[in-house]
Amino acid sequence: MTAPFLRRFILAIIASSVLSLATGCHRHSDSSASFFPESGEASGWTKLPEVRTFAPDQLSDYIDGDAEKYLQAGVRSTSTADYKLKDQIQLTVDLYTMSNSAGAKSIFESEPPMNAQTPSLGDAARLYSQSLIFRKGRYLVRMVAYQDSPELTQAMFNLGVAIEKRLPR
Amino acid sequence: MKNGTFQSRREFLRECAIGALAVGAGKYAFVADSKVNPPSVTGAKSKVVIARDPALYANSSNPDEARVQKLLDEAMQTFFQTSDPVSPWKKIVRPGEVVGLKINTIAGPGLSTHPVFVAAICERLQQSGVKAGNIIVWDRTNDELDRVGYRLSNDPNHIRYTGTDAKGIGYDETVFTAGAIQTRLSNLLTRACDCMINLPILKHHVGSGVTLSLKNMYGVNDNPSKFHANNCCPGIADLNLLSPIRNKFRFVVADAMTGCFAGGPGYKPQYAWKYNGIMVASDPVAIDHTAWQIIEKKRAEMGVNTLAQAGTPPKYIAVAADPQHRLGTDDPDRIGLVEI
C-alpha cells in the first residue's frame, strides 16, 4: 500500500467516524426495530418475529384517521411489534419516532388521562390496566393488551422499562 | 338520551304505527327501496333498534356465542316485527344473491367486528337460504382479518373471508368522483357482491367524531386518507353517495358489544367500554346519529368534553342527510329508536 493511498484511507475512516457520530440519532431512528426487546428480556414476555414499519405516508393504512394527528405532530416513522405474556395475553407495542420531543409530548398530552397511574418512566408515562403509554425524547411508545390479568399491569411496566433502556435520549 | 329520542318499545309502536306496519309487512321492497327512499323520505320514521345484554361477556374477554346469537335475533326480530329469527334475512337478501358482509378490522383484536358476531349472522343467512359460497366476509386487507381471528378463505364452496388486497381481487379500474376526490372501489363490492350488509363498530373517531356505518365505507375505497380532511366532511357523505355503495347497501347490523368513546379509531383500552349491544337499521344516517348520542352520553359520564368542544363534531351526519345527499335522516323527531 503506498503512502498517499494510506493517508487517503486513514482520512476516509476518520471522516466516516465523524459523520457517524454526527448523524447517530438519525441512524437509530432508521433501525427502530432494535428498540423492541427480545424474548425474555422482560420477564414473561415473548416477542413475535415480525416488526412492521410505516413511513408517514403509509401511517393511515395502520391507524386510519389517527394518522392525521401524528402527521401534524411530525411523525417520522412508526414501528410495531407483537408480544405474548406467558402465551396467554396478546399485546401490541407501537413505537412512534417524531421529529422532536415536542411532537411526542403533544400526542401524549392530547389524550384524556382518565384515571391513569403515572409511574416514573421516560419523560412521562400513563399506566392503565391494559395499556401503557410513555414518551422519551422524540419517541412515543404505546402498549395495548387484548386480554386482562392481575399480573398484566406490572408486566407491561417491566416491558416498558426494557424498551425505555433501548431508546436513545 | 339527548333530544329525548329514545322511546320504549311500546311507545314506539304506538307513535309510529304506519312505519311499523310498513316494516312489519316485511316486503323485501321496503328494504330495497330504503336505500334510495329511506323511511324518512317516505314519511315514516327511520327505525333504529338497540338490543343489549349486560351478561354478554360474562367474565370473559370474548362475548358469549349463544348470547350473541340470541341478541342478534332479538334485534332483527324487533326491527322486522317477527317472531321468527330467520325471516328477517329473507327480507334483506334475495335468493341467489351474493352478499358481502363489510366488517371493520383496522383497530385489531380489541375493537373490530367480532368473529362470533359474524358467525351468528352467517348462520342465519344460511338458514334463510343463502349458500355458504355466496357469503363474502371482507375488509381492506388479509392481514387485518387474520389479526382479528378470521380464518382466511377464498373457497367458493364455503364462506369466504378475504381482504381486497388478496391476490386476484384488488380495486376496480373504474375511477369514481366523490365530491372533488377521485377514488376506486374494491372489486369485492363492485364485481363480487350483489348486495352488502354493513357490520361496523361503535367508535369515536379523532377526525369525524363518530364512526359507525357511513365511515365504515372508508374500507371500501383505495385512498381513504384523501377523505379525512375537514372532519371527514363532506368526504364520508360523498363517498357513500357513489352508486355501487348506495345501490348495493341493504342494511346495518352494528357490533356495539365493545364501544370506544375517545382516542378512536384505534383501540385504546382506557377509552373502551362494554356497551353489550347490537344495533340494527336500514337508515345509515339515523343509526350514525344514534351512535353519536351514545358516545356523547358516555363521554359525559366519563368526564370527557363533548365532541364539539374537542373540535370534532360529527358534522358529516348532517351533510349525509342534506338535500344533496339524502342518505337518510338525522332529525331526532324522525328517528324511531327502540331499545330492548
What is the Cα radius of gyration of chain B over 2.2 N^0.38 Å, N being its residue count?
0.90
Just tell me how shielded A:64-76 is by partners: mean number of partner chain Cβ atoms within 10 Å of each residue's Cβ, no decimals.
5
Cα centroid separation, segment B:286-304 to segment B:231-265 (Å)
16 Å
Over all directions, the average projected area of the alpha-carbon convex hull for segment A:19-153 comes to how many nm²?
8.9 nm²
Please list the equivalent ellipsoid semi-axes of the protein assembly as shown, computed as the square roots of five times the alpha-carbon gyration tensor eigenvalues, in descending order and whole angstrom.
44, 24, 22
Summing Lys, Arg as +1 and Asp, Glu as -1, what charge do residues with Cβ under 14 Å from the Cβ of B:Ala132 carry, B:Ala132 excluded?
+1
Bridge orientation stat for the protein assembly as shown from DSSP, antiparallel percent rounded to 5, came to 70 percent
Can you give the FRET efficiency for B:Ser243 and B:Asp155, using 1/(1 + (r/R0)^6), R0 = 41 Å, r = Cβ-Cβ distance, to the nearest 0.05?
0.85
With a cut-off of 13 Å, note down the residues of segment A:57-72 whose backbone N falls inside the zone around a label point 7 Å from the Cα of A:Ser110 toward its beta carbon.
A:60, A:63-72
Around B:Ala51: net Lys/Arg minus Asp/Glu count, Cβ-Cβ under 10 Å
-2
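Excluding A:Phe134 itself, calculate the net charge of residues whose Cβ lies under 10 Å from the Cβ of A:Phe134, where each Lys or Arg counts +1 and each Asp or Glu counts -1.
With Lys, Arg at +1 and Asp, Glu at -1, the neighbours total +2.
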If you average 1/r across every pair of different Cα atoms in segment A:91-163 and take the reciprocal, what Kirkwood value do you get, in Å?
12.2 Å
Assign one of three labels to segment B:137-269, namely rounded, prolate or oblate, based on the Cα gyration tensor with a ≥ b ≥ c the square roots of its eigenvalues; rounded applies when a/c is under 1.5, prolate when it is not and a/b is larger than b/c, and oblate otherwise.
oblate
Subtracting the Cα-Cα distance of B:Ser83 and B:Gln182 from 0.36 nm times their residue separation yields 31.1 nm
If R0 = 25 Å, then B:Arg191 and B:Arg94, at their Cβ-Cβ distance, give a FRET efficiency to the nearest 0.05 of 0.90
Can you grab the distance from the C-alpha centre of segment A:131-169 to the C-alpha centre of segment B:108-154, Å, no decimals?
32 Å
Averaged over the residues of B:124-132, the number of partner chain Cβ atoms within 10 Å of each residue's own Cβ comes to 0
By average Cβ neighbour count within 10 Å, what is the ranking of B:245-252, B:161-168, B:304-311 from highest down?
B:245-252, B:161-168, B:304-311
Rounded to the nearest 5, the percent of antiparallel DSSP beta bridges in chain B equals 50 percent
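All of the numbers you see were taken from the coordinates with simple rules; none came from a lab. What you see is a predicted model, and the numbers here were worked out from it, not measured in a lab. With ideal geometry, Cβ positions are generated from the backbone for all residues, glycine too; neighbour counts draw on all protein chains shown.
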